Amino acid sequence: MSRLEDRLLRWIVGCAFAAASAALWWPLPSAAARLKDIAAVQGVRPNRLTGVGLVVGLDGTGDQTTQTPATIQAVTAMLQHSGIILPAGATMQLNNVAMVAVTAQLPAFARPGQGVDVDVMSIGNAKSLSGGSLLSTALRGDDGQIYAVAQGNLMVGGAGAGANGSKVQINHLAAGRVPGGATVERSVPTPLMLAGDSLDLGLTSSDYATARAVAQAINKLKGAGTAAAVDGRTIRMRVPPSTDERVSFLADIENLDIGVERPAARVVINARTGSVVLNDGVTLGPCAVAHGSLSVTIKTRPVVSQPNALSQGTTVQSAQSDISVTQHAGMLMEVPSAAKLSDVVKALNALGATPMDLQAILDAMKSAGALNATIEVI
């Protein structure tokens, strides 16, 4: 090989090595998402409504009025409102009536006359709401104002039957739903309708890089100075004065592709179920882990002491317990550093730990500085 060929070969190898190094160390591009999938106009949201009403027409499966006097009071008040006065001392057995809580969500931009779905749940001890009808019930917001009125036949997603002490039930019978059962009586003003020259966009999760990317994308489409990131979650926009122009403005920007940065590294542990979830940002540093377990076994067997014949004694029964403690050995295992989620999963699976043990291991790794993530317990 000539000197020129040797220099050319070294140059090619050097270029290939540089390209490989750049591919390894260059940060991965952020994922793209539509603006309307990661942000919404602040103040444009549904509002929760609640109310208390009566379900009638049940087949003897309503409240036991001796245990739920509030049902009798509600029926008495309803009858008085209709001009029916009960005699003093009159008693009512209302097994076909149930007091219920009624909830609904008033969507943003809802107008009077529109229908809203409602959920109905028993408050008392009704066995089933199947076949019942909800009487007119006022639904109020947190401010105490009436925003909708609900009424209609219940749709219960269950069934049941019982006789002579036996009972069969499928799904839940003490809750139901009335599709489109509430009529909107009052609308809620939103920032889109109010006077002003600015609107705020709120990101679903706080991230400074994403907020900056949203502001830059809006400014690129609508002109410099149109949007500015106020903090890691809020982007303030200058918008046209009229409602029609504002709707057009939001329609233009809601499909913008935004580069969403990788989320902060986080490990979520459900202490009730033992579930452990890691996101893509979790990385591991090199460490060594030894995890053993201690098991305690208790066996109890009955012991009967029988007296001799003609001794006039009594038979005595007692219990004898055997307790054993077993300490399982734990090997010290080296866990290599892992920069990708797949490598983290392989390293943790190599420990052979159960999900409950994994919680303790991850917490110890975090304390030792080998786990680069925030642990959140739910």
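The values are calculated or read from the model by the stated rules, or taken from the named source; none is laboratory data. Remember, it's a predicted structure, so these values are computed and weren't measured experimentally. So basically every Cβ, Gly included, is an ideal-geometry build from the backbone, and we count neighbours across all protein chains shown.
Which residues, taken from the stretch 253-289, are among the hydroxyl-bearing types (S, T, Y), touching a residue at least 60 places away in the same chain (Cβ under 8 Å) and assigned to a loop (DSSP other than H, G, I, E, B)?
First, pick out the residues of the stretch 253-289 that are among the hydroxyl-bearing types (S, T, Y): 273, 275, 283.
Narrowing the set further to residues that are touching a residue at least 60 places away in the same chain (Cβ under 8 Å) leaves 275, 283.
If the condition is that a residue be among the hydroxyl-bearing types (S, T, Y), touching a residue at least 60 places away in the same chain (Cβ under 8 Å) and assigned to a loop (DSSP other than H, G, I, E, B), then S275 is the only one that fits.
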From the set of residues in the stretch 239-269 that are of a type in the set (S, T, N, Q) and out of contact with any strand residue (DSSP E or B) (no Cβ under 8 Å at 6 or more places or on another chain), which is surrounded by the fewest Cβ atoms within 10 Å (Cβ to Cβ)?
S242
Determine if the stretch 36-53 includes at least one residue that is touching a strand residue (DSSP E or B) at 6+ places or on another chain (Cβ under 7 Å) and more than 29 Å from E185 (Cβ to Cβ).
yes
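Each row is one residue, and each column tells you yes or no for (1) surrounded by 10 or more Cβ atoms within 10 Å (Cβ to Cβ); (2) modelled with pLDDT of 85 or more.
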residue: R10; (1), (2): yes, no
residue: A22; (1), (2): no, no
residue: P29; (1), (2): no, no
residue: N47; (1), (2): yes, yes
residue: V55; (1), (2): yes, yes
residue: T65; (1), (2): yes, no
residue: G89; (1), (2): no, no
residue: M92; (1), (2): yes, no
residue: T103; (1), (2): yes, yes
Read through the list (1) touching a Ser or Thr at 6+ places or on another chain (Cβ under 9 Å); (2) of a type outside the set (D, E); (3) assigned to a loop (DSSP other than H, G, I, E, B), then give the number of the only condition that G157 fails.
(1)
Test for S82: is it over 28 Å from T103 (Cα atoms), among the hydroxyl-bearing types (S, T, Y) and modelled with pLDDT under 90
no
Scanning the stretch 346-356 for residues that are assigned to a helix (DSSP H, G or I) and over 25 Å from the mean Cα position of the chain (by Cα) gives K346, A347, L348, N349
Has the stretch 216-235 got at least one residue that is in the same structural domain as P355 (by TED's automatic domain parsing), surrounded by fewer than 13 Cβ atoms within 10 Å (Cβ to Cβ) and of a type in the set (K, R)?
no
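Take the stretch 201-215 and flag every residue that is closer than 17 Å to E254 by Cβ and surrounded by 15 or more Cβ atoms within 10 Å (Cβ to Cβ). Don't jump to the end; show me each part of the working.
Here is the first cut: in the stretch 201-215, the residues closer than 17 Å to E254 by Cβ are 201-204, 210-211, 213-215.
Those that are closer than 17 Å to E254 by Cβ and surrounded by 15 or more Cβ atoms within 10 Å (Cβ to Cβ): L201, G202, L203, T210, A211, A213, V214, A215.
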Could you check the stretch 162-187 and list, in sequence order, the residues that are modelled with pLDDT under 90 and β-branched (V, I, T)?
V168, I170
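Test R186 against the stated conditions and say whether it is more than 28 Å from the chain's Cα centre (by Cα) and either closer than 30 Å to S130 by Cα or part of a loop (DSSP other than H, G, I, E, B) (or both).
Yes.
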